[in-house]
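Reading through the structure tokens given below for one structure.
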Amino acid sequence: MCGIIGYTGEKYAPEILIQGLKKLEYRGYDSAGIAVSCNDDTVICKTQGKVDMLEKKLENINMRGSVCGIGHTRWATHGEPSDINSHPHSGGKNVTLVHNGIIENYIELKQMLAEKGMTPVSETDTEIAAMLIESLYDGDPVKTIFSAISQMHGSFALGIMFRDFPDTIFAVRRDSPLIIGVGENENFIASDIPAILPYTKKYYLMDENEVAVITKSQVAFTDENGRNIQKKLLTAAWDEQSAQKSGYKHFMLKEIHEQPKVVADTISAYKNKTELFEDCSFDFDITGRIYITACGSAMHAALLGKQMIEKLARIPVSVEIASEFRYNDPILDKDDIVIAISQSGETADTLAAVRLAKSKGIRTLGIVNVWGSTLAREADDVIYTYAGPEICVATTKAYLCQTVVLAMLALRLGRHKMEDSQYCAELERLSSLSDYISKALELDDICRQLASKNLKAEHQFYIGRGQDYCVCTEASLKLKEISYVHSESYAAGELKHGTISLIVDGTPVIAVMTDRSRIAKTISNIKEVASRGAAVICVTYDDIDVSDFCRDKIVIDAPGEYLAPVIANIPLQLYAYHIADGRGNDVDKPRNLAKSVTVE
């Protein structure tokens, strides 16, 4: 949930740490802080609030000569957002660290440390980790870290500094992401690649329960038995420009407008003229059920995936929220498959679901955006999305790429049920999808105008049936996430079972109609809310006449009915964006949220 950056080299460390933290604020922005080696001491500066507040505070602190340090931007878990709960934390005179994750047994460790006369000043589990390492330190940092993590339960990525090793950073991880960036006479640790892109595209992936020792000239990895570990040096496919706003007001707006390209990139990675996934090692001969597990927007993509796969391939699909799947003692057959979807590949509940499936001998497939992520490494097979870095906390382009991958998967799984001519026609429609997305982006002005009409509405509802209801679930979440407007999505036929009592005069209701087989039924439901005063916006095709019961209409065009939900998402993303922007919200950093949910 939090963002970690570390630097050791020849440059002024505080400046590099601040710039890195700005690139990681999507992981949390309740507070921020840095610690640097300076004049034979470790100097800490931290504050509640965003990185800009930390940068301002640093103007009054002398850190000249600092060439090694660690930084942190926080999404609060243990302890409210405050200066004292901010990272870095000190364990005493020797140890300072930053942490992403949760130490589950911190209470027991706290009690043990109290018996040694050590008392924390914060409410955080992180300070307990720092104090534990301090209590065990015998002059050998690597040995001490291994001893400490053997007593720690839970998830963690730690960047650690020892006072008597002023130019060295030590790192260790378990169930939380951390990479090591490699530059010229400088090296880095970071939670994610965008933080290091201004300086290097070379990096190592850290495996669990190994310690990295980083100086400006060397990176070494050690296992718990003291053996050196050799690793492959990787090169990031992203560049620095892809993590910039490029003239857009917000990252979210930029990422919405990047969708034609990233969808085209994702499709071209797996499609040739006559086939999909030809070079993929995944076995498409599925004889059991498909379980798709995910969280948040990825779960909404899964709902659409279920509709697509069952419609085209006639394979039964169950969609499970990852945090529920792992605790429901799922009934899995040896012929079943579990598909896990995660943008970051580090979502804690999704990873736990994959591990549960694998423990039962069930095949797993990961759909993920980050090369080398934990999901990519642990799933039996992986399909990557080519969304590139997504900085806004509320996902748009990563979600859309997930949906497109599921559409391709549905088409490939249904290949044997189609005539060759039908299959080729669907491939052609898929190839044109990016052009239709570009056309949908031209609806931006209309979406802005509609948003301006509803800026003051505190309740908004989305309705649809089948695949359209799946679109509504994501559209409603997007509005809630960034605008703080109360919004709900409903299967349109359920309105009369209680929800319609919430409709009063002027209530905005957005109705999605892309499934022509259900439009007549949905229109009946729209008339029910319209007769009770709802201000209805319809998202549908040009030839569907809604003038008698809809206040406004958003016209979409799609290459095929099963791909229409992909297009319908575009104006709804724009609508949510303009509502949030019109209300003056920080669109890229909505309150209380972080992008990569690496804790349960």
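No lab work stands behind these numbers, since they all come straight from the coordinates. Please read these numbers as outputs of a predicted model, since none were measured by experiment. Cβ coordinates were reconstructed from backbone atoms using ideal geometry, including for glycine residues, and neighbour counts include every protein chain displayed.
Points to keep in mind about this one:
- Charged side chains reduced to their Cβ positions (Lys and Arg at +1, Asp and Glu at -1) give segment 3-242 a dipole of some 400 debye around its Cα centre.
- Compactness of segment 403-482, expressed as Rg and Dmax over alpha-carbon positions, Å: 17.1, 52
- Share of pairwise Cα-Cα distances greater than 33 Å in the chain is 47 percent (whole percent).
- Rg over Rh [alpha-carbon atoms, Kirkwood Rh] for segment 530-585: 1.04
- Expressed to the nearest 5 percent, the antiparallel share of DSSP beta bridges inside segment 246-431 is 5 percent.
- Each of I169, G181, I107 was scored by the projection of its Cα onto the charge dipole of segment 3-242, and the greatest displacement toward the positive side belongs to G181; charges sit on the C-beta of Lys, Arg, Asp and Glu.
- Given charges at Cβ of Lys, Arg, Asp, Glu: the chain dipole, positive-most of M118, A451, L233: A451
- Under 18 Å from K553, Cα to Cα: aspartates and glutamates that are on another chain or at least 8 residues apart: E442, D444, D445, D468, D515, E528, D542, D543, D545
- Dipole orientation for the chain: of the candidates G493, Y29, Y423, G493 has the Cα lying most toward the positive pole (charges on Cβ; Lys, Arg +1; Asp, Glu -1).
- Helix 13-24 and the long axis of the chain differ in direction by around 20°, with both axes built from C-alpha atoms.
- Total charge dipole magnitude, segment 246-431, about the Cα centre, Cβ charges on Lys, Arg, Asp, Glu only, Debye to nearest 20: 280
- Flagged links, alpha-carbon separation over 21 Å, of K23/K50; K311/K360; K57/K216; K22/K480: K311/K360; K57/K216; K22/K480
- Alpha-carbon Rg with Dmax, taken over segment 432-524, Å: 14.1, 42
- Of all DSSP beta bridges confined to the chain, the antiparallel ones make up roughly 60%.
- Cα point-scatterer Debye curve for segment 1-116, base-10 log of I(q)/I(0) at q = 0.10, 0.11, 0.18 Å⁻¹: -0.29, -0.35, -0.87
- Pairs from K245/K456; K334/K417; K271/K439 whose Cα-Cα separation, in the structure shown, is over 26 Å: K245/K456
- Segment 92-138-segment 1-43 distance, computed between alpha-carbon centres (Å): 21
- Given +1 at the Cβ of Lys and Arg, -1 at the Cβ of Asp and Glu and no other charges, the dipole of the chain around its Cα centre is 620 debye to the nearest 20.
- Treating each Cα of segment 161-209 as an identical point scatterer and summing with the Debye formula, the log10 of I(q)/I(0) at q = 0.13, 0.16, 0.22 Å⁻¹ comes to -0.32, -0.48, -0.83.
- FRET efficiency, M112 to Y12 (Cβ-Cβ, R0 25 Å, nearest 0.05): 0.05
- Inter-centroid distance (Cα atoms) of segment 498-517 relative to segment 419-438, Å: 31
- Axis of helix 259-270 versus longest Cα principal axis of the chain: the two differ by about 90°, to the nearest ten degrees.
- Applying both filters, DSSP loop and at most 14 other Cβ atoms within 10 Å, to the GluC sites (Glu not before Pro) of segment 410-441 gives E419.
- Expressed as a fraction of 2.2 N^0.38 Å, the C-alpha radius of gyration for segment 439-587 is 0.94.
- Segment 246-431: translational diffusion in µm²/s, Stokes-Einstein, Kirkwood Rh over Cα pairs, 4 °C, 1.567 mPa s: 78
- If you wrap segment 3-242 in the convex hull of its Cα atoms and look at it from every side, the mean projected area works out to 11.8 nm².
- Modelled spin labels at N39 and K231, positioned 7 Å past Cα toward Cβ, are 3.5 nm from each other.
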